[in-house]
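Each remark here refers to the structure printed beneath this line.
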Amino acid sequence: MAILRCIAFFVLLSTPVDAAKTLKAQDSSAVGSSWWPFSSAVSAVAVQHDDDDAKVEKKEVKKEEKKEEDEDKADEVTKEDADEDEDVEDSGDDDAESLAAVKDEKSEEKKEKVAKKEEKKAEKKTVKKEEKKAVKKHDKKAVKKVEKKEEKKAEKKEEKKAEKKEEPKKAEKKEEKKAEKKEEPKKAEKKEEKKAEKEEEPKKDFNKIAPFGREDTAQELQDQAAKSQDTLVDAVESAEVAEIKRSVFRALTRLRAASIKEFDTIARLETQSIDAYNDAHHYRAENPLEHLHEDEAPVETDKLESFH
């Protein structure tokens, strides 16, 4: 049976769709589709071929629809031409001018119809574009949602991994705390031993007290007193300097204020004396002028003058 299956597969390899159908149609009780090693590959190829066939069928349907639309348009054009010919035959007795006017009107009507059709086509195209944009936006939103979900899942996985990594550290901390709790009684014992040693130290060191009046202690005290005296004198000196600067500065400011005030009074008195002299004296009153026309005759005599 296995050999026959292999032969059938290689025979039907040129048509993988038929091979997949035959593999699916076989009874599972015989050998089982899971036994066949290439069953999954053949089924995948079959699915691909089905998708290609569906695409080809869609393209053919679209072509047929376009052909039908073109045929309908051609029929409409032929009908319109026939109507025009009938109208022309009926109006054969009319003048040439009326025929030309009729043709012009019909051509304008055709142009209007064509323009309306083009507008409708443009509207349909815009509607289709908007629908495509809406679909694309929806698809993008769905993709973003899926990406966010995947990111959240990845973050959760990383958090779980971090928690797993931190688990041994937590266990170590717990063990350390347990060890510290075990060592607490030992620490208490050591503290009690230290207290007992401190209580025994003064008894031991009682005989080791230094005698009073040593030379090194006296020298240290003397040096410390000299340093403190030096600092005291420096402080007094800085205080005196500060007080002198304060008093001199204030005295100079007072002198400046008094001198400015006296200067202002002197200037005011000087200007007042100038104004008073100007008010009391007038140059033309004290020094009368002699005009040039005083030596001449009065004005009334000018009309009495003559040459002889």
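Take the conditions modelled with pLDDT of 85 or more, under 29 Å from the mean Cα position of the chain (by Cα) and open to solvent by 100 Å² or more (accessible area, probe 1.4 Å) and apply them to residue 116. Does it pass?
When the stated conditions are applied, residue 116 does not pass them.
Residues checked against (1) open to solvent by less than 100 Å² (accessible area, probe 1.4 Å); (2) of a type in the set (Gly, Ala, Ser); (3) modelled with pLDDT of 90 or more:
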{"position": "258", "(1), (2), (3)": "yes, yes, yes"}
{"position": "268", "(1), (2), (3)": "no, no, yes"}
{"position": "293", "(1), (2), (3)": "no, no, no"}
{"position": "296", "(1), (2), (3)": "no, no, no"}
statement: Scanning region 47-78 residue by residue, the ones that are at pLDDT below 70 and open to solvent by 100 Å² or more (accessible area, probe 1.4 Å) total 1
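The values are calculated or read from the model by the stated rules, or taken from the named source; none is laboratory data. This one's a predicted model, so the numbers in the text were calculated from it and none came from an experiment. Protein only, heavy atoms only, side chains kept; ligands, DNA and RNA dropped before computing areas. Shrake-Rupley method; radii C 1.70, N 1.55, O 1.52, S 1.80 Å.
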